[in-house]
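J.: Submitted below is the structure of interest, expressed as C-alpha coordinates.
The values are calculated or read from the model by the stated rules, or taken from the named source; none is laboratory data. These numbers come from a predicted model, not from an experiment. Here the Cβ positions follow ideal geometry from the backbone for every residue, glycine too, while neighbour counts run over all protein chains shown.
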Amino acid sequence: MFKNTSLKILSFVLIAILLLLNVQGIARADDKPKDLFKNYVNIEQKILCEATLEENFADNVVLVLLNREASTILDISRASVALKTYGPSDFAEINCIEVQEISFIRNQIDEELSAIKPSDISKFDDTVTAADLGIDVQQFNRYLLLRLEYNSKENVLEAIRELEKREDVQWAGPNYFGSISATNP
(Lines give C-alpha, C1' and ligand atoms only; values in the text may rest on other atoms or scores of the structure.)
Protein backbone atom coordinates (compact mmCIF):
# COMPACT_ATOMS: atom_id res chain seq x y z
CA MET A 1 0.00 0.00 0.00
CA PHE A 2 2.86 2.40 0.84
CA LYS A 3 4.49 1.68 -2.52
CA ASN A 4 1.23 2.42 -4.37
CA THR A 5 0.81 5.79 -2.57
CA SER A 6 4.43 6.75 -3.27
CA LEU A 7 3.97 5.94 -6.95
CA LYS A 8 0.84 8.14 -7.11
CA ILE A 9 2.65 11.05 -5.42
CA LEU A 10 5.66 10.67 -7.70
CA SER A 11 3.39 10.61 -10.77
CA PHE A 12 1.59 13.73 -9.58
CA VAL A 13 4.90 15.57 -9.00
CA LEU A 14 6.19 14.60 -12.45
CA ILE A 15 2.99 15.79 -14.14
CA ALA A 16 3.17 19.08 -12.23
CA ILE A 17 6.80 19.60 -13.30
CA LEU A 18 5.97 18.87 -16.95
CA LEU A 19 3.09 21.31 -16.85
CA LEU A 20 5.31 24.01 -15.37
CA LEU A 21 7.99 23.45 -17.99
CA ASN A 22 5.39 23.65 -20.75
CA VAL A 23 3.97 26.94 -19.45
CA GLN A 24 7.45 28.42 -19.12
CA GLY A 25 8.18 27.39 -22.69
CA ILE A 26 5.16 29.36 -23.90
CA ALA A 27 5.89 32.56 -21.97
CA ARG A 28 9.65 32.94 -21.69
CA ALA A 29 10.97 36.05 -19.97
CA ASP A 30 12.61 37.26 -23.18
CA ASP A 31 9.35 37.17 -25.14
CA LYS A 32 7.80 40.56 -25.78
CA PRO A 33 4.12 40.89 -24.83
CA LYS A 34 3.30 42.11 -28.34
CA ASP A 35 4.69 38.83 -29.72
CA LEU A 36 2.64 36.70 -27.33
CA PHE A 37 -0.64 38.44 -28.07
CA LYS A 38 -0.17 39.70 -31.63
CA ASN A 39 -2.92 37.45 -33.00
CA TYR A 40 -5.43 38.88 -30.55
CA VAL A 41 -4.75 42.60 -30.19
CA ASN A 42 -4.67 43.36 -33.90
CA ILE A 43 -8.22 42.23 -34.46
CA GLU A 44 -10.33 45.33 -34.90
CA GLN A 45 -13.92 45.05 -35.93
CA LYS A 46 -15.76 47.86 -37.64
CA ILE A 47 -18.63 49.06 -35.46
CA LEU A 48 -21.60 50.41 -37.37
CA CYS A 49 -23.68 53.24 -35.94
CA GLU A 50 -27.38 52.67 -35.40
CA ALA A 51 -28.36 56.26 -34.58
CA THR A 52 -31.73 57.62 -35.72
CA LEU A 53 -33.10 61.10 -36.25
CA GLU A 54 -35.24 60.75 -33.13
CA GLU A 55 -32.22 60.57 -30.85
CA ASN A 56 -30.79 63.59 -29.02
CA PHE A 57 -27.44 64.51 -30.62
CA ALA A 58 -25.58 67.54 -31.97
CA ASP A 59 -26.54 68.50 -35.52
CA ASN A 60 -23.06 69.54 -36.66
CA VAL A 61 -20.58 67.08 -35.10
CA VAL A 62 -19.45 63.52 -35.81
CA LEU A 63 -17.21 61.54 -33.46
CA VAL A 64 -14.70 59.17 -35.06
CA LEU A 65 -12.63 56.32 -33.69
CA LEU A 66 -9.71 55.60 -36.02
CA ASN A 67 -8.40 52.08 -36.29
CA ARG A 68 -5.04 51.32 -34.68
CA GLU A 69 -2.99 51.64 -37.86
CA ALA A 70 -4.44 55.04 -38.77
CA SER A 71 -4.13 56.12 -35.15
CA THR A 72 -0.38 55.64 -35.14
CA ILE A 73 0.70 57.01 -38.55
CA LEU A 74 3.54 59.47 -38.10
CA ASP A 75 4.36 62.89 -39.51
CA ILE A 76 8.08 63.06 -40.06
CA SER A 77 9.78 66.40 -40.64
CA ARG A 78 13.45 67.29 -40.62
CA ALA A 79 13.22 68.39 -37.00
CA SER A 80 10.77 66.02 -35.33
CA VAL A 81 8.63 62.91 -35.31
CA ALA A 82 5.01 63.12 -34.14
CA LEU A 83 1.65 61.48 -34.67
CA LYS A 84 -0.08 62.60 -37.84
CA THR A 85 -2.22 65.68 -37.37
CA TYR A 86 -5.58 65.21 -39.08
CA GLY A 87 -7.28 68.19 -40.66
CA PRO A 88 -10.48 68.98 -42.58
CA SER A 89 -8.90 67.93 -45.89
CA ASP A 90 -8.56 64.38 -44.52
CA PHE A 91 -12.37 64.27 -44.28
CA ALA A 92 -13.33 66.34 -47.33
CA GLU A 93 -16.01 63.86 -48.42
CA ILE A 94 -18.22 64.96 -45.51
CA ASN A 95 -17.59 68.73 -45.77
CA CYS A 96 -15.61 68.79 -42.55
CA ILE A 97 -14.55 72.29 -41.45
CA GLU A 98 -12.70 71.42 -38.21
CA VAL A 99 -10.98 68.42 -36.64
CA GLN A 100 -10.31 68.24 -32.90
CA GLU A 101 -8.23 65.53 -31.27
CA ILE A 102 -10.04 64.17 -28.21
CA SER A 103 -7.69 61.26 -27.39
CA PHE A 104 -6.28 61.37 -23.88
CA ILE A 105 -3.19 59.25 -24.45
CA ARG A 106 -1.85 61.20 -27.43
CA ASN A 107 0.43 63.38 -25.29
CA GLN A 108 2.09 60.28 -23.84
CA ILE A 109 2.73 58.82 -27.31
CA ASP A 110 4.03 62.19 -28.61
CA GLU A 111 6.38 62.37 -25.62
CA GLU A 112 7.84 58.97 -26.48
CA LEU A 113 8.16 60.02 -30.12
CA SER A 114 10.02 63.21 -29.22
CA ALA A 115 13.07 61.10 -28.32
CA ILE A 116 13.26 59.71 -31.86
CA LYS A 117 15.25 61.49 -34.54
CA PRO A 118 13.88 61.63 -38.09
CA SER A 119 17.18 60.13 -39.29
CA ASP A 120 16.38 56.98 -37.27
CA ILE A 121 13.39 56.43 -39.55
CA SER A 122 15.19 56.62 -42.87
CA LYS A 123 15.37 52.80 -43.02
CA PHE A 124 11.60 52.58 -43.60
CA ASP A 125 10.37 52.84 -47.17
CA ASP A 126 6.64 52.99 -46.55
CA THR A 127 4.27 54.72 -44.16
CA VAL A 128 5.77 54.55 -40.68
CA THR A 129 3.71 53.95 -37.55
CA ALA A 130 4.61 54.32 -33.89
CA ALA A 131 4.49 50.54 -33.53
CA ASP A 132 7.23 50.24 -36.19
CA LEU A 133 9.47 52.18 -33.81
CA GLY A 134 8.76 49.90 -30.85
CA ILE A 135 6.31 52.21 -29.06
CA ASP A 136 3.55 50.28 -27.29
CA VAL A 137 0.32 51.19 -29.03
CA GLN A 138 -1.60 48.01 -28.25
CA GLN A 139 -4.48 49.87 -26.60
CA PHE A 140 -4.22 53.11 -28.57
CA ASN A 141 -6.90 54.33 -30.92
CA ARG A 142 -7.41 57.99 -31.67
CA TYR A 143 -10.72 59.75 -31.19
CA LEU A 144 -11.54 62.75 -33.32
CA LEU A 145 -14.35 65.27 -33.24
CA LEU A 146 -15.30 66.41 -36.74
CA ARG A 147 -17.28 69.63 -37.12
CA LEU A 148 -19.45 69.70 -40.23
CA GLU A 149 -20.15 72.64 -42.52
CA TYR A 150 -23.93 72.09 -42.62
CA ASN A 151 -26.05 71.82 -39.48
CA SER A 152 -28.67 69.10 -39.61
CA LYS A 153 -29.15 65.73 -38.00
CA GLU A 154 -29.70 64.25 -41.47
CA ASN A 155 -26.29 65.58 -42.52
CA VAL A 156 -24.69 64.01 -39.43
CA LEU A 157 -26.20 60.61 -40.23
CA GLU A 158 -25.13 60.89 -43.90
CA ALA A 159 -21.59 61.81 -42.82
CA ILE A 160 -21.50 58.78 -40.50
CA ARG A 161 -22.56 56.44 -43.33
CA GLU A 162 -19.87 57.94 -45.58
CA LEU A 163 -17.17 57.59 -42.90
CA GLU A 164 -18.14 53.97 -42.23
CA LYS A 165 -16.99 53.16 -45.79
CA ARG A 166 -13.41 54.16 -44.96
CA GLU A 167 -10.91 51.49 -43.94
CA ASP A 168 -9.22 53.78 -41.42
CA VAL A 169 -12.43 54.44 -39.47
CA GLN A 170 -13.35 51.80 -36.91
CA TRP A 171 -16.44 53.67 -35.68
CA ALA A 172 -18.25 56.90 -36.46
CA GLY A 173 -21.22 58.23 -34.53
CA PRO A 174 -23.06 61.31 -33.36
CA ASN A 175 -22.15 63.43 -30.36
CA TYR A 176 -25.06 62.63 -28.04
CA PHE A 177 -26.37 65.15 -25.54
CA GLY A 178 -26.48 63.73 -22.06
CA SER A 179 -28.21 64.74 -18.90
CA ILE A 180 -27.71 63.99 -15.26
CA SER A 181 -30.64 63.42 -13.00
CA ALA A 182 -30.77 62.68 -9.34
CA THR A 183 -33.39 60.86 -7.34
CA ASN A 184 -33.92 60.68 -3.65
CA PRO A 185 -33.72 57.20 -2.16
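J.: For Ile105, state whether it is β-branched (Val, Ile, Thr), at pLDDT below 80 and surrounded by 12 or more Cβ atoms within 10 Å (Cβ to Cβ).
T.: yes
J.: Is it true that Ile97 is more than 17 Å from Leu65 (Cβ to Cβ), surrounded by 12 or more Cβ atoms within 10 Å (Cβ to Cβ), among the aliphatic types (A, V, I, L, M) and modelled with pLDDT of 90 or more?
T.: So Ile97 passes the test.
J.: Now, a different point. What strands (runs of 3 or more DSSP E) completely inside the stretch 45-105 contain at least 3 residues that are assigned by TED's automatic domain parsing to the domain that holds Ala172, touching a helix residue (DSSP H, G or I) at 6+ places or on another chain (Cβ under 7 Å) and farther than 29 Å from Glu154 by Cβ?
T.: The qualifying strands (runs of 3 or more DSSP E) are 81-83.
J.: Follow-up. Could you tell me which of the residues Lys123, Lys117, Lys84, Lys153 is basic (Lys, Arg) and at pLDDT 95 or above?
T.: Of Lys123, Lys117, Lys84, Lys153, the one residue that is basic (Lys, Arg) and at pLDDT 95 or above is Lys153.
J.: Additional query: Evaluate the stretch 170-177: report whether one residue or more is at pLDDT below 95, more than 14 Å from Cys96 (Cα to Cα) and exposed (fewer than 10 other Cβ atoms within 10 Å of the Cβ).
T.: Looking for residues that are at pLDDT below 95, more than 14 Å from Cys96 (Cα to Cα) and exposed (fewer than 10 other Cβ atoms within 10 Å of the Cβ), one finds at least one in the stretch 170-177, hence yes.
J.: Ok, one more. Determine, yes or no, whether Ile76 is in contact with a Pro (Cβ under 6 Å, 6 or more places away or on another chain), over 17 Å from Trp171 (Cβ atoms) and either acidic (Asp, Glu) or modelled with pLDDT of 95 or more (or both).
T.: no
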